[in-house]
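Each remark here refers to the structure printed beneath this line.
FYI, it's all coordinate maths here, none of it is from the lab. Values in this document were obtained by computation on a predicted structure and should not be read as measured data. Here the Cβ positions follow ideal geometry from the backbone for every residue, glycine too, while neighbour counts run over all protein chains shown.
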Amino acid sequence: MDRVTTTDRRTALRAGAGLVAGGALAAGCATTGPAAAPAAPARAPAAKATPLTAPAPRAFPRQPAQITHGPRDRPRIALTFHGQGDPKIATALLAEAEKHGARVTVLAVGTWLDTHPEMARRILDGGHDLGNHTQRHIAVNALSEADALAEITGCADRLKRLTGSIGTWFRPSRAPAASSLVQRLAHRVGYPHVLSYDVDSLDFTEPGAPAVTRKVLAEVRDGSVVSMHFGYAGTVAALPAVLQELDRRGLRAVTTTELLS
């Protein structure tokens, strides 16, 4: 009897483990409510570690609909990152920023979140801003109204599902600034402002870490919003020198929300 009981218990435990593993995989890949529903009990412990409601977009009455920089009379800047690419590089960038006491803003691509949903929690747990950089990172300004709206809402929906919020910011993909149509659509989805930038690191051209460092430090000043990218090893290599020089100049790297608050 003891042998039978033990065998039954092991069989039950293996079956239960299979249900948990299968549910977790379904939840990670699902893009609709019904597909994700069976996995809810298995993922409940992880959900507790993720903020139930991440910060929502805020309106800044003194700022334009499209923001390129913050106040020029305070020694603070915002480092903003286009969120896609190898999650190991992204994690290394976040860790480097945190080591220097810096907080950044990540504009995530929806398909990247689909593949690496854990990155949403990693970004928020580090005290960083998390926002929307469209669903597929295509030239959103060139799309029809319906297709542009789908790009914005697609990413917003994924952020909402993962964090409880559509994200604090929206930035158009494949363009430094949003067209008037995309601005209106972003506002309709729930973003009071579109986030642009006044310093482009050009790190996506892979010029090497020294060139990225020189470009940023030559142009950055009080209130600057700097555009950088996850996914490039040269950006990771450049970040320590950038942060050290910012510190020497008395410029603090903060989230975009902090920059404008």
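One table, with the values for the structure above:
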| read-out | value |
| --- | --- |
| Ratio of the Cα radius of gyration of the range 118-165 to 2.2 N^0.38 Å, where N counts its residues | 1.26 |
| In Hz, Karplus ³J(HN,Hα) per residue of the range 158-163 (6.51, -1.76, 1.60; θ = phi - 60°; x = Gly, Pro) | 5, 4, 4, 5, 7, 10 |
| For R252, residues with placed amide H under 5 Å, excluding near neighbours | R76, I77 |
| Ellipsoid semi-axes in whole angstrom, largest first, where each is sqrt(5λ) of the Cα gyration tensor of the range 76-171 | 23, 13, 12 |
| Coarse-grained scattering of the range 209-261 at q = 0.15, 0.18, 0.19, 0.20 Å⁻¹, given as base-10 log I(q)/I(0) from a Debye sum over alpha-carbon atoms | -0.41, -0.59, -0.66, -0.73 |
| Net charge of neighbours whose Cβ lies under 12 Å from the Cβ of K215, counting Lys and Arg as +1 and Asp and Glu as -1 | -2 |
| Dipole magnitude of the range 151-251, debye to nearest 20 (Cβ charges: Lys/Arg +1, Asp/Glu -1, about Cα centre) | 360 |
| Proximal charge balance of V140 [Cβ under 13 Å; K/R count +1, D/E count -1] | +1 |
| Å³ per residue enclosed by the Cα convex hull of the range 119-261 | 117 |
